[in-house]
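These notes concern the structure reproduced below.
The values are calculated or read from the model by the stated rules, or taken from the named source; none is laboratory data. This one's a predicted model, so the numbers in the text were calculated from it and none came from an experiment. Reconstructed Cβ throughout: ideal geometry from the backbone, glycine too, with neighbour counts over all protein chains shown. Note: accessible area is taken over every heavy atom of the protein model, side chains too, but ligands, DNA and RNA are not part of it. Shrake-Rupley method; radii C 1.70, N 1.55, O 1.52, S 1.80 Å.
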Amino acid sequence: MMLVHLVSEAANLIPMIDDEPPGMDKLKGVVNWVKVIAYVICGLGILIAGAMMAIGQRRGEGGEHAARLGWVLAACIVIGSATALVDQLK
């Protein structure tokens, strides 16, 4: 019974901070710019890897470029996951 009372009062004991630290708006702006730049680079990386795959297929190097495309897509997944995590922390 005492544990239930302590858990229900825990929210009152923890100080809530409503104010953001100074400069938080600028930090959010920088994070948004970095996200946009990262997404543009991912898109360009996919386009370049696809173009190199199409050109390399005539020379028999399609497998090497397919691996490069895999790495680009893996990087896109990492960047997408990181931006989702940062968005949740804001």
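Looking across segment 51-63, the residues that are exposed (fewer than 15 other Cβ atoms within 10 Å of the Cβ) and either touching a Lys or Arg at 6+ places or on another chain (Cβ under 8 Å) or closer than 30 Å to Lys35 by Cβ (or both) come down to Ala51, Ala54. Residue pairs whose Cβ atoms lie under 7 Å apart, sitting 6 or more positions apart in sequence or on different chains, and linking a residue in segment 20-32 that is in contact (Cβ under 8 Å) with a residue 40 or more places away in the chain to a partner that is open to solvent by 50 Å² or more (accessible area, probe 1.4 Å) and outside any helix (DSSP H, G or I), are Lys28/Lys90. Out of Ile46, Ile55, Ile37, one residue alone is of a type in the set (A, V, I, L, M) and touching a helix residue (DSSP H, G or I) at 6+ places or on another chain (Cβ under 7 Å). It is Ile46.
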